[in-house]
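What follows is a short report on a single structure.
The values are calculated or read from the model by the stated rules, or taken from the named source; none is laboratory data. Worth saying up front: this structure is predicted, and the values here are computed from it rather than measured. Cβ placement follows ideal geometry from the backbone for every residue including glycine, while neighbour counts extend to all protein chains displayed. To get the accessible areas, we keep the full protein, side chains included, count just its heavy atoms, and leave off ligands, DNA and RNA. Shrake-Rupley method; radii C 1.70, N 1.55, O 1.52, S 1.80 Å.
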Amino acid sequence: QVQLVESGGGSVQAGGSLRLSCAASSNTGCMNWFRQAPGKEREGVAGIWTVSGGTYYADSVKGRFTISQDNAKKTFDLQMNSLKAEDTAMYYCAAQAQWPCTLRVGDVTYWGQGTQVTVSS
């Protein structure tokens, strides 16, 4: 079983930045970040294919968020810049076991416990 632990959440003013980190006990084929706001469905934010380092993003965060990995440390970071109020959500690190990589909730094998991000205007 893969253990995933998120950190780095907090409160920030609109336009500010936060960096989330996911510590993984072992690597899987795809590592993703999801988020869920109250009353809304969980949605994919960003992902990375651990073999190639290729990345993919939801349109809503493209150009503002960057996902990266450190293979030696087995960590995955989400740098979030130019934050908006609509980015407020619980953010979850997620592992998908096999290619092809997706941002679909149903394809996730392991979930972290989540870290809260709150952006105020």
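A few notes on this one:
- Which numbered condition Ser17 misses (of (1) open to solvent by less than 50 Å² (accessible area, probe 1.4 Å); (2) more than 11 Å from the chain's Cα centre (by Cα)): (1)
- Search result, residues across segment 27-53 that are open to solvent by less than 40 Å² (accessible area, probe 1.4 Å), part of a loop (DSSP other than H, G, I, E, B) and in contact (Cβ under 8 Å) with a residue 40 or more places away in the chain: Thr28, Gly29, Ala37
- Residue within segment 72-89 that is among the aromatic types (Phe, Trp, Tyr), open to solvent by 20 Å² or more (accessible area, probe 1.4 Å) and part of a strand (DSSP E or B) present: no
- Once segment 101-121 is narrowed to residues that are at pLDDT below 95 and in contact with a helix residue (DSSP H, G or I) (Cβ under 9 Å, 6 or more places away or on another chain), the residue that is farthest from Met80 (Cα to Cα) is Cys101.
- Pairs, first at positive phi in segment 68-80, second part of a strand (DSSP E or B) and open to solvent by less than 40 Å² (accessible area, probe 1.4 Å), C-beta under 9 Å, six or more apart: Lys74/Ala24
- Residue count for segment 90-117 under the criterion of being part of a strand (DSSP E or B), open to solvent by less than 50 Å² (accessible area, probe 1.4 Å) and over 14 Å from Val5 (Cβ atoms): the result is 2.
- Across segment 51-100, the number of residues qualifying as at pLDDT 95 or above and among the polar types (S, T, N, Q) comes to 8.
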